[in-house]
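Written out below as structure tokens is the structure these notes cover.
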Amino acid sequence: MLAGNDIRVVEADTFSAARFWDERVDRRLLMTSCGLRHLAAAAFSPLPTLRSLGLADNRRLPRDDLVAAVRRVDTLTKLDVSAGSAFRHTFDLAELFRHPHSAAGLRLEKLVTAENGIRTISANLSTAAAIATMRSLDLSSNEMTTLAGGLSLFRRLERLSVKENRLTRIDSGALTGLQRLTSVDLSYNRLEELDGEVLRPLTRLRYLNLAGNRLRTLSADAVPSGIEYLSVRGNRLVSVPFLASLAHLSSVDVSANGLQRLDAHQFSQHIRSSISANFSRRARPEHSHREIAPELSVTVSRTVPRPTSRPMRSWTVTSGLGQLLAQRDFVDRRSGVLRRRIQRPGRGREPAYAFDAVRGAGRRRTAS
């Protein structure tokens, strides 16, 4: 690890001693924020079994030097070129692969290209070897306004991050053919709507982050039914009908939206395991025990600022839960909120209910 040094030049013989290294051990090299200005074409050639190379935050490193050096490392599977100059000419992801003497021959599995000003992904990637091997692609903090073009060429892609861009639209066919995707992060963009055809075909998708956008509605057919983790935090949603179709949900964050009420059939009736849900905002939405799915943990109120001198009043349950097995108050050390664990046994075939009543610094509340 050489990150954070003032290494401006790496010559061809810099790592010549590496010929004595054990070739049975995979190697990684981190040269982030080194102020690099020149890389010899054979700079990394002496490194046996180099799998991971980090060259992020070297903004003065010429693109030609970078490409010439990495294209010779045929063992490379992970490359981080964030905050650099690799895409400065066209601001196109394909720029790294399509020109003569490019890195098209690399069989990368993970590519990190954050903070490069990338605006598009053209279709001129079809001849790049990385198309057939890429499993993880990080396009965070770029300047993309739409998803289209060559992204659908990455057929083996499993993880995709396009967070903190300027996305206002995602073409219906942008992710066509990416059936292996399990994680998609579209958070902190400018999306106002999401077409049902964009994500619905992704049957293996388990993690979806849409936080920090401008979504006002999100239909049930816009979210794949196999989702386990979902965040729509910080949007403009007033209802969440899509939750009823998510039978495999284990964690959901709907905080900082415009919700006023949770319905009795908010969650899928097919949920059989514990899930964690966050609906917090300045005002608590109304709720009742009938709205809580079997074995569901729900956060429904805002946290208490720490430290606080205001006394916390007890949470009162007046009806509807039947016999209570336990009522235990405790202060969550991380969030500073008073919680009460409330449990009710099942009767006959009726499932048991359990939820966390989270107490804020306001007035006494009653669950009906």
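Every number here is computed from the coordinates shown, using simple stated rules; none is lab data. On a predicted model such as this, the values are computed, not experimentally measured, just so you know. Ideal geometry is used to build each Cβ from the backbone, glycine not excepted, and the neighbour counts take in all protein chains shown.
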Backbone HN-Hα couplings from phi across the stretch 163-170 [Karplus 6.51/-1.76/1.60, Hz, Gly and Pro as x]: 6, 6, 10, 10, 4, 10, 8, 10
FRET efficiency for Ala220 and Ile7, using Cβ-Cβ distance with R0 set to 35 Å, rounded to 0.05: 0.05
What distance in nm separates the simple spin-label points at Phe91 and Thr203, each placed 7 Å from Cα in the Cβ direction? 3.9 nm
GluC sites (Glu not before Pro) restricted to the stretch 121-170 and DSSP loop, no more than 15 other C-beta within 10 Å: Glu143
If amide H atoms are modeled at 1.01 Å from N in the peptide plane, then the residues at a separation of 5 or more from Leu29, or on another chain, having amide H under 5 Å from its own are Ser52, Leu53, Gly54
Can you work out the Karplus-derived ³J(HN,Hα) for every residue in the stretch 214-229? Use 6.51 cos²θ - 1.76 cosθ + 1.60 with θ = phi - 60°, whole Hz, and x for glycine or proline. 10, 5, 9, 9, 8, 6, 5, 7, 8, 10, x, 5, x, 4, 10, 10
Amide H to amide H under 5 Å from Arg169: which residues, 5+ apart in sequence or cross-chain, H placed 1.01 Å off N in plane? Leu147
Residue-by-residue Karplus 3J(HN,Hα) for the stretch 49-56, coefficients 6.51, -1.76, 1.60, Hz, glycine and proline x: 6, 6, 9, 10, 10, x, 10, 5
Taking amide H atoms as placed 1.01 Å from N in the peptide plane, list the residues 5 or more away in sequence, or in a different chain, whose amide H sits under 5 Å from that of Gly84. Asp57
